[in-house]
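Below is one structure; the comments refer to it alone.
What follows draws every value from the coordinates through simple rules; no lab data is involved. Since this is a predicted model, take the numbers as computed values, not measurements. All Cβ positions, glycine included, derive from the backbone under ideal geometry; neighbour counts span all protein chains shown.
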Amino acid sequence: MAPTVAYFSMEIALHPRMPTYSGGLGILAGDTVRAAADQRIPMVAVTLLHRRGYFRQRLDSSGWQQEEADEWSVHDFVTEQSARVQVVIEGRMVHLRAWSYEVKSPSGATVPVYLLDSDLPENAEQDRSLTHQLYGGDERYRLCQEVILGIGGLRMLRALGYQKIGRFHLNEGHAALLGLELLDETARAAGRTTFSPEDVDTVRRQCVFTTHTPVPAGHDKFPLELVERVLGRPEIWATKNIFCCDDLLNMTYLALNLSGYVNGVAKRHAEVSRLMFAEYQIDAITNGVHVPTWTSPQFAALFDRYIPGWREDAFSLRYALSIPPEEVWQAHQQAKRALLERVNNNAQATLRGDVLTLGFARRATAYKRAGLLLHDVDRLKAIAKQAGGLQVIYGGKAHPRDHDGKLEIQRIFQLGQSLKDDLKIVYMENYDWSLGALMTAGVDVWLNTPHPPQEASGTSGMKAALNGVPSLSILDGWWIEGCIENITGWAIDPGSVDHDDRRAADAAALYGKLEKAVVPLYCNNRSRFIDMMLHAVALNGSFFNTQRMILEYSTRAYLH
Ligand SMILES: *Cc1c(COP(=O)(O)O)cnc(C)c1O
């Protein structure tokens, strides 16, 4: 029997009504766990309960983001376990319980997910809220959550009876303190009170680390003085080559130092990561999406008719080319109607089913450049005229402390309000799992314009591909692998440009592609457009899925 994999992630999207995730990292974690269940890979997952979710986003009348707690009814989804464990934080004993959620696959296999919760009456008031809010609070709050996830998480697995775990998979660096607990366990098992270099080797053989972003802010670092205040143990933090660099505990380096297998989430991302962390071996396993989760009901019905068995065998989507084009178009129009109904109702908009519609939704933060399409509004208006109308649906939350991200949302929102006639722009509130599913299936073209090389992978374009929606995207992340020009979508590629001119050059390349490729095809050559839709499914849906991804993790990281 294959060894059990324990998957640690600060966020996991388990159900559309459980806001235990913020975005791509959590969606990927959920899709990973769902794929592991499908493939009967023995896995158990650990995360935090996040009773108040990440946050619910409202936009006020000026388009400024308001954040509200996203409470959910815990008892409807998860089951309390009787096991209790403790971690010490700032010298106080913090008691933890776990709630379980069963991820069930039609294969019959189940992956249990344990959600840690410090909201217990025996805890000090301030500690009861430590697991309430995903990415909430300050640096100290964040470190406490990482102590609970990494150290508390392993203790909880042991208390639940998981004595034999073959691999620990750290989804991003947030759980890196798991390595410290493993070192302590290893030393204790050998009857020692301090860990040795051999213990480090033992731990490394068990750990797998996936890094998810080339953006420096995405890598947690904590001042050693804070770490000592929270965790004590002043003697260990100065250990060079494990914990310490420049008076900081860097969670990425900790995870790198204690993992025997490390990967980035797309081929380009692994290359960039190798430049960032030159002393480490970094492999590439390109992300995917869980096919049954992200296929719209309309396309699912189509696949049921023409590709029997597609839910169990994502690779069989390669046969999509034989689906009759009229039926593809019909299914897409239905998915589009479902989206437009939601948009028109929720945002008091008047979008139409027969107008070319672009979708853009991701975390609102500077490098994602949501506003690139709006760089030259007059030129975009001319394109809208050329196309007989153009509709753009936006979505995405800014982190509560990301002021620039909020400004970007406001700018797009206000521009949308000032437009009329041919060009319509709507910013949808509260982008989440269900809106994401509607958008990636219901728009005609999926747009992505990050500042390269900062997009590690991106997965929303993969969801779009599954639903026959071609991407128009900057060549970065997964799109370098997924783009076959005029077949699966289009690259926005200005050629080589100086850093300072990048934005204008990318915008010009984007407008050029819309004018010369996307609009003529959509408006004047519908059968070729539908052919591209089918190639998006057949070439990209069949490959950029978590079935392929989890099998790669199995052979390269779990079974080695
Ligand atoms: C898929 C998804 C993401 C990730 O999309 P990216 O393309 O990686 O930005 C984020 N949030 C939600 C709600 C999603 O469904």
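General remarks:
- Computed from Cα positions, the angle between helix 377-386 and the longest principal axis of the chain comes to roughly 50 degrees.
- Once each of the GluC sites (Glu not before Pro) sitting in a DSSP loop with at most 11 other beta-carbon atoms within 10 Å is removed, the chain keeps 280-560 as its longest stretch.
- Selected from GLN414, PHE360, SER316, residue furthest toward positive end of dipole (the range 291-544; charges at beta carbon): GLN414
- Proximal charge balance of PRO16 [Cβ under 15 Å; K/R count +1, D/E count -1]: 0
- When Rg and the Kirkwood Rh are both derived from Cα coordinates, the Rg/Rh ratio for the range 316-422 amounts to 1.03.
- In a DSSP loop and with at most 11 other Cβ atoms within 10 Å, the trypsin sites (Lys or Arg not before Pro) in the range 366-413 are ARG401.
- For the chain, the residue among SER62, MET462, LEU48 whose Cα projects farthest onto the positive side of the dipole built from Cβ charges is MET462.
- Under 15 Å, Cβ to Cβ, from LYS397 - net charge with Lys/Arg +1 and Asp/Glu -1: -2
- Once backbone amide H atoms are built at 1.01 Å from N, ILE425 has VAL392 as its partners under 5 Å, excluding neighbours fewer than 5 places away on the same chain.
- Stokes-Einstein D (µm²/s) once Rh is taken as the Kirkwood radius of the range 291-544 over alpha-carbon pairs, at 20 °C in 1.002 mPa s: 118 µm²/s
- With contributions of -39500 (n - 2.57) from each DSSP H run of at least four residues, the per-residue ellipticity at 222 nm computed over the chain stands at -10500 deg cm²/dmol.
- Amide H within-cut-off set for GLY395, under 5 Å, with H built and near neighbours excluded: PHE360, ALA361, ARG362, MET428
- log10 of Debye I(q)/I(0), alpha-carbon scatterers only, for the range 1-111 at 0.13, 0.20, 0.22 Å⁻¹: -0.61, -1.14, -1.26
- Maximal additional length on extending the ASP378-SER73 stretch stands at 105.1 nm, based on 0.36 nm per residue less the C-alpha distance.
- Once the C-beta distance of ASN346 and TYR306 is scaled by a Förster radius of 51 Å, the resulting FRET efficiency is 0.95 to the nearest 0.05.
- Cα radius of gyration and Dmax for the range 349-410 (Å): 13.3, 40
- Compared with the dominant Cα axis of the chain, that is its longest principal axis, helix 24-38 is turned about 80°.
- Across the range 445-459, the residues whose backbone nitrogen lies under 16 Å from the label position 7 Å along the beta-carbon direction of ARG548 are 457-459.
- For the range 230-284, average projected area of the Cα convex hull in nm²: 4.4 nm²
- Above 19 Å, the calculated P(r) of the range 206-362 contains 70 percent of its Cα-Cα pairs.
- Placing a label point 7 Å from the Cα of GLU515 along the Cα-to-Cβ direction, the residues of the range 416-445 whose backbone N falls under 20 Å of that point are 422-424.
- Net charge of the neighbourhood of ILE484, taken over other residues with C-beta under 15 Å away and scored Lys/Arg +1, Asp/Glu -1, is -1.
- Note on the range 442-532: Cα-Cα pairs beyond 19 Å make up 37% of the total pair count.
- Residues ASN241 and ALA366, FRET efficiency given R0 of 41 Å [Cβ-Cβ distance, rounded to 0.05]: 0.80
- Longest to shortest principal axis, alpha-carbon extents of the chain, angstrom: 76, 49, 47
- Paramagnetic reach from ARG337 in the range 389-405 [backbone N under 20 Å; point 7 Å along Cα→Cβ]: 391
- Once the Cα-Cα distance is subtracted from the 0.36 nm per residue extended length, the ARG526 to ALA83 segment shows a gain of 153.5 nm.
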